[in-house]
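A quick write-up on the structure given underneath.
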Amino acid sequence: MKNNLYNYILGIADNSLILGQRLGQLCGHGPSLETDIACTNISLDLFGQVRSYFQYAAKIAGDQRTEDDIAMLRKERDYKNVLLVEQPNTNFAFTIGRQFLFDVYHLAFLTELQNSNDFTLSVIAKKCVKEVSYHLRFSSDWVKRLGNGTSVSKEKMQEAINGLWTYTDELFYQTNADKEMVFEGVGVDVTKLKNNYYSRINEILLEATLEIPESKWFQTGGKEGVHTEHLGYLLSDLQYMQRTYPNMEW
Amino acid sequence: MSEEQIKNLEIQFNARIERDEKIEPKDWMPEKYRKTHIRQMSQHAHSEIVGMLPEGNWISRAPSLRRKVALLAKVQDEAGHGLYLYSATETLGISREEMYEQLHTGKAKYSSIFNYPTLTWADMGAIGWLVDGAAIINQVPLCNTSYGPYARAMIRVCKEESFHQRQGFEIMMKLANGTSEQKDLAQDALNRWWWPSLMMLGPKDEESVHTEQSMKWKLKRKSNDDLRQQFIDQTVPQADLIGLTIPDPELKWNKERGSYDFGPINWDEFWQVVKGHGPCNKERMKARVGAWKEGEWVRDAAIAYAEKQANKNFNKAV
Amino acid sequence: MKKNWPLWEVFVRSKNGLEHRHFGSLHAADAEMALENARDVYTRRNEGVSIWVAESKNITASNPLNNGELFEPAQDKVYRHPTFYDLPDDIKHM
């Protein structure tokens with residue numbers, strides 16, 4: 001139970017960690033100062049969530065590990081985030097597309113997690129729901145803007161949605177630990193979120209005058225620690241200091 | 001307007017500033033006042049956003065989550081401060097796009113300290129402690145400057161920046177009290193950032209072209225050399241406190257002056273960096289120009305979308 | 001000519017019971033974006049509970065050249081202020 005809960009928390013936290021890290025890379029490089037500030041805000045929200053989760057995970061682990069050890073000192077295969085969030089900042093359309101496809105899921109997930117019978121997780125979820133509602137508002141507004149904007153932006157936004165679509169189905173994949181946690185009343189049964197997810201996505205894509213990709217072939221593996229090549233580079237940055245200067249305080 | 005009328009207006013204008021009255025955007029002002037303010041304020045704004053780059057360089061590599069959020073929030077604040085300052089400058093009749101154009105073509109300057117590279121994590125400490133420290137010394141007096149929008153922007157900036165220097169000093173302190181390897185990082189960063197920080201307070205008084213007029217308009221309350229002395233006097237004891245050595249063999253307390261004497265500054269280096277020959281001038285500009293160009297299709301799309309929305313509403317209303 | 005994001009003025013109510021106050025300005029393509037940007041730029045430190053945005057070009061301003069005729073006539077209307085009136089010291093609550 002303890003080990004399952006620990007792994008379950010990591011699964012949730014890693015999504016926010018890796019997405020926060022991706023957004024953090026954009027700080028100072030946004031299309032306008034205002035947009036730059038907005039993306040950084042989302043990144044800060046995500047890192048705030050990460051800290052709550054990992055502090056809780058550290059408490060459960062009950063050994064000497066700190067939030068930072070858990071965040072930064074695992075091996076590639078031990079990161080449990082979905083493949084979607086590790087995808088690179090190819091351009092602003094990809095950044096927005098990735099955010100949007102994740103936000104719709106993230107909000108639905110947290111809404112359910114509020115009912116967890118694990119008190120700490122339900123408290124964290126209650127706080128995060130508000131932040132993520134705003135993220136979704138921001139990202140879906142931008143999907144509509146780019147979809148309905150110019151022919152260039154429409155093409156780029158469509159390309160991003162098409163490119164990222166293959167990573168959406170994994171959001172509803174359950175590991176064994178996930179199943180156990182659902183059984184215990186701690187975790188969220190993500191399989192039940194799937195239909196609503198795609199209908200919500202379709203609605204907004206329609207408003208954005210974008211096409212819903214037809215591809216039914218999906219990539220999975222992130223939740224089991226089998227990632228895309230992109231993650232390794234992201235982790236080398238994330239872990240650089242902790243690896244180069246082990247056992248020090250900062 | 002006749003020349004004499006303008007002269008009269010100028011006399012009244014100067015008297016208002018003398019009385020500590022604020023000048024507001026639509027008030028009459030001498031052309032030189034407007035131009036000088038556009039130059040200084042936009043330069044200040046540019047410094048904020050170019051200044052995001054050297055620190056942004058370490059966001060993804062911050063050693064702990066606590067440090068990461070603090071650094072991220074700090075760099076984001078700099079974007080905010082750039083924004084406040086651009087907005088304040090826009091009240092003088094220049095657009096943000098024109099100011100960007102001046103930055104990107106090298107016509108406008110920014111603080112040359114941001115042309116130095118951030119090589120280790122300790123540089124985040126040194127920048128917060130020294131560069132923000134020097135910036136605060138420059139900025140606090142500007143909260144009382146004569147141009148209303150600038151003064152108001154600076155009040156907001158100074159209020160928000162109060163955590164920036166602490167953030168940096170805390171990083172430095174932690175390193176200085178850490179392992180010998182960490183202490184070396186801290187000392188190395190201090191060695192590299194000390195002199196550029198002193199230069200950041202501007203050229204020597206005898207070489208500073210704008211000082212006298214700027215003093216009158218309260219764009220400046222103290223001379224560069226006075227500010228520099230103030231910075232040194234307040235920083236040296238802080239370095240002592242955490243056991244780091246200021247890299248200046250001639251640094252010595254002068255009892256009579258009640259200040260530190262210090263060694264010669266390499267002004268040749270300063271002017272070379274200002275002229276574009278610093279270690280990172282090209283990279284910084286490339287990053288700024290790149291982000292702006294890369295973002296063009298995004299900004300265009302948003303305008304196109306807004307126009308379509310406006311038409312939609314209009315059609316509905318009829 | 002190429003169109004840029006227009007300028008908006010931002011007014012923030014710090015807490016209920018207080019008026020909206022001018023906080024500054026920013027750029028945004030539309031009103032929705034202006035609100036979101038204002039939220040991100042001007043309320044990062046919990047400074048507000050309500051935001052107004054107005055496109056700067058829609059705000060009409062008085063001309064400072066007319067300040068004399070607009071505002072100086074009010075300076076000598078001292079009878080509009082309570083201190084203008086003499087009352088015996090014994091009168092309370094007035």
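The values are calculated or read from the model by the stated rules, or taken from the named source; none is laboratory data. Since the structure is predicted, the reported quantities are computational estimates derived from the model, not experimental observations. Every residue, glycine as well, gets a Cβ built from its backbone with ideal geometry; the counts of neighbours run over all protein chains shown. Accessible surface is based on the protein model in full, side chains and every heavy atom, while ligands, DNA and RNA are left aside. Shrake-Rupley method; radii C 1.70, N 1.55, O 1.52, S 1.80 Å.
Values for this structure:
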item	result
Nearest 10 degrees, 0 to 90: helix C:31-42 Cα axis against chain C principal axis	70
A versus C: buried accessible surface, summed, Å² (probe 1.4 Å, to nearest 100)	1200
Inter-centroid distance (Cα atoms) of segment A:15-76 relative to segment B:6-26, Å	51
Rough spin-label spacing in nm, given labels placed 7 Å along Cα→Cβ, for B:I6 and A:T191	8.2
Rounded Å value of the spacing that divides the Cα centres of segment C:33-74 and segment A:181-250	42
Integer Hz, Karplus 6.51/-1.76/1.60 couplings in order for segment C:6-16, x for Gly and Pro	x, 8, 10, 9, 10, 10, 10, 8, 6, 7, 4
Distribution of pairwise C-alpha distances over segment C:2-60, 5 Å bins, in %	4, 21, 31, 23, 13, 6, 2, 1, 0
Bins of 10 Å from zero: percent of alpha-carbon pairs in chain B	5, 23, 31, 23, 12, 4, 1, 0, 0
Accessible area expressed per residue, chain B, with surrounding protein chains retained (probe 1.4 Å, Å²)	45
Exercise: per-residue mean of other protein chain Cβ atoms within 10 Å, A:151-162	2
Segment A:2-244 - percent of accessible surface contributed by carbon and sulfur, probe 1.4 Å	51
Cβ crowding within 10 Å averaged over residues, with A:125-135, B:212-222, C:62-72, B:131-141 ranked highest first	B:131-141, A:125-135, B:212-222, C:62-72
Solvent-accessible area buried by B and A, counting both chains, probe 1.4 angstrom, square angstrom	4000
Pair-distance profile P(r), taking every C-alpha pair of segment A:85-151, with 5 angstrom steps and integer %	3, 18, 22, 18, 16, 10, 7, 4, 1, 0
Residue mean of other protein chain beta carbons inside 10 Å, B:67-79	6
Selection from B:S208, B:A306, B:I6 lying farthest towards where the dipole of chain B points positive, charges on Cβ	B:A306
Spin-label model distance (nm) - A:K126 vs B:R66, 7 Å beyond Cα toward Cβ	2.7
Fraction of accessible area attributable to carbon and sulfur, segment B:104-174 (%, probe 1.4 Å)	60
Rounded, prolate or oblate (a/c below 1.5 giving rounded, otherwise prolate when a/b exceeds b/c) for segment B:1-140 by Cα gyration tensor	prolate
Average projection area in nm² (convex hull over Cα atoms of chain A, one quarter of hull surface)	13.1
Average Cα contact separation per residue, chain B, under 8 Å, 6 or more apart, as relative contact order %	18
All Cα pairs of segment B:26-93, percent lying beyond 18 Å	49
Value of [θ]222 nm, deg cm²/dmol, for chain C, DSSP H segments ≥ 4, -39500 (n - 2.57) each, nearest 500	-5000 deg cm²/dmol
Reference-scaled alpha-carbon Rg (2.2 N^0.38 Å with N residues) for segment B:219-282	1.37
1.4 Å probe accessible area per residue over segment C:2-60, in Å²	51
Computed E for A:L73/C:I59 - FRET, C-beta separation, R0 41 angstrom, nearest 0.05	0.15
Computed [θ] at 222 nm, helices only, for chain A once each DSSP H run of length n ≥ 4 contributes -39500 (n - 2.57)	-22000 deg cm²/dmol
FRET efficiency, C:M94 to A:S133 (Cβ-Cβ, R0 41 Å, nearest 0.05)	0.15
Radius of gyration and Dmax over the Cα atoms of segment A:23-64, both given in Å	14.6, 45
Chains C and B, summed buried accessible surface - 1.4 Å probe, Å², nearest 100	1800
Difference of contour (0.36 nm per residue) and Cα-Cα distance, B:V140 to B:L241	33.9 nm
Segment C:2-60, relative contact order in percent, only Cα pairs under 8 angstrom and at least six apart counted	43
Percentage, to the nearest whole number, of Cα pairs in segment A:36-120 over 23 Å apart	35
Kirkwood hydrodynamic radius of the protein assembly as shown, from inverse mean 1/r over distinct Cα pairs, in Å	27.6
Simple spin-label estimate for B:K204 and B:E181 in nanometres, 7 Å along Cα-Cβ	4.4
Most fluctuating residue given options A:G11, A:G225, A:G20, as computed from a GNM of chain A linking Cα atoms under 10 Å	A:G225
Computed E for C:E47/A:Q55 - FRET, C-beta separation, R0 22 angstrom, nearest 0.05	0.20
Segment A:75-207 - convex hull of the alpha-carbon atoms, volume per residue in Å³	109
Cα gyration tensor of segment B:210-318 - equivalent ellipsoid semi-axes, whole Å, descending	51, 21, 16
